[in-house]
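Novice: Dropping the structure in here first, questions after.
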Amino acid sequence: MTSTTHGFGIDIGGSGIKGAPVDLAEGAFADDRVRIDTPEPSTPDNVLDVVLEILARFEWRGAFGCTFPGIVRNGVIGSAANVDDAWLDFPLEKVLRERTSQQVVVVNDADAVGVAEDQRGAAADVDGLVIVTTLGTGIGSALLHHGQLLPNTEFGHLYLANGQETEHWAAASVRKDEDLSWAAWAQRLQDFYAHLEFIFSPDLFVVGGGVSKKADRFLPLLDLQTPIVPAVLRNDGGIIGAAMLAAERFT
Ligand code: BGC
């Protein structure tokens, strides 16, 4: 498949790798997405095989975007908190370009969600400073000012006043692992968002990740000055944002 109004996005995660063609005008999937479990170990070679398999299933020819759950600087991986350490310093963008002979943008997963939510989702009507966070296995973040992304913010690695690294204390996975009540988990999130609010004075917080489906269980428990809303694109934002960024860069 190839098209001028369609792009393609791939979202590499710690548990699944997902891809779909994206209708860029609609900001939505153009076909059912494909999901394949992240291989164990999640080394570059193993993950690349899955990425190529997803592109092949759609016979995609054209520019595409690909997310990664860590720091991405000029297409090179700078951290790998929830995937194999062999990713450190791996030039993912260059390798994907060589293996597919297509133009590609590699972007941090939460940054891709941020771009999608800012252009097509919960922040589409907010023209100021937007902080998007994804609550999942880890905590991802994106900071956008008037639509301009400041990449690799990594707020999930902020240390809170109790000395805990936020994602080890307040990720959605921690709620499950420690069997926390929604209220107990919300208290942890409160420290995180209140801290971000004080430092950045944002106009809007957007909360993504699978748990955003249950936003009514925990967002109303937070006490913030800043509006805080669930992501509109749910778990599709990474794929959609990656496809948008590729289209922006290459068309
Ligand atoms: C990583 C971030 C990523 C987030 C969500 C964190 O552990 O450091 O880069 O965005 O997990 O996957």
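Only the coordinates and a few stated rules stand behind these numbers; no lab work does. Only a predicted model underlies this, so the values are computations on that prediction, with no experimental measurement involved. Cβ sites come from the backbone with ideal geometry, for glycine too, and all protein chains shown count toward neighbours.
Novice: Which peptide among 97-110, 131-144, 63-76 comes first, and what is the full order, when sorted by highest mean count of other Cβ atoms within 10 Å?
Specialist: Output ranking for 97-110, 131-144, 63-76: 131-144, 63-76, 97-110.
Novice: Right, here's the next one. What fraction, in whole percent, of alpha-carbon pairs in the chain exceed 29 Å separation?
Specialist: The share of Cα pairs beyond 29 Å in the chain comes to 25 percent.
Novice: Using the Karplus equation 6.51 cos²θ - 1.76 cosθ + 1.60 (θ = phi - 60°), what ³J(HN,Hα) coupling, rounded to whole Hz, does each residue of segment 244-251 give in order, writing x for Gly and Pro?
Specialist: Along segment 244-251, the couplings run 5, 5, 5, 5, 4, 6, 10, 10 Hz.
Novice: Also, I was wondering about something else. For residue 16, list long-range residues whose amide hydrogen, built 1.01 Å from N in the peptide plane, is under 5 Å from its own amide hydrogen.
Specialist: 38
Novice: Restrict the search to segment 100-203; then list the GluC sites (Glu not before Pro) that DSSP places in a loop and that have at most 12 other Cβ atoms within 10 Å of their Cβ.
Specialist: 178
Novice: With both partners inside segment 102-249, how many of the DSSP beta bridges are antiparallel, as a percent to the nearest 5?
Specialist: Numbers: 11 of 19 bridges.
Roughly 60 percent of the beta bridges in segment 102-249 run antiparallel, per DSSP.
Novice: Let me ask another. Under 5 Å between amide hydrogens, which residues at least 5 positions from residue 103 or on another chain qualify, with H placed 1.01 Å from N in the peptide plane?
Specialist: Placed amide hydrogens put 63, 64 under 5 Å from residue 103.
Novice: Roughly what % antiparallel, to the nearest 5, for the DSSP beta bridges in the chain?
Specialist: Just about 60 percent of them are antiparallel.
Novice: Over segment 1-133, what is the percentage of antiparallel beta bridges among all DSSP beta bridges, to the nearest 5? Before the final figure, lay out the partial values.
Specialist: Numbers: 15 of 23 bridges.
For segment 1-133, the DSSP antiparallel bridge percentage is about 65.
Novice: Work out from phi, with θ = phi - 60° and the Karplus expression 6.51 cos²θ - 1.76 cosθ + 1.60, the ³J(HN,Hα) of each residue of segment 114-125, listed in order in whole Hz, and give x for Gly and Pro.
Specialist: x, 4, 5, 5, 5, 8, 10, x, 5, 9, 4, 9
Novice: Could you pull out every residue, at least 5 positions away or on a different chain, whose amide H is within less than 5 Å of the one on residue 28? Hs are placed 1.01 Å off N in the peptide plane, and Pro or chain starts have none.
Specialist: 23
Novice: Next question. Apply the Karplus parameterisation 6.51 cos²θ - 1.76 cosθ + 1.60, with θ equal to phi minus 60°, to every residue of segment 181-188 and state each ³J(HN,Hα) to the nearest whole Hz, in sequence, with x for glycine and proline.
Specialist: 5, 4, 5, 5, 5, 4, 4, 5
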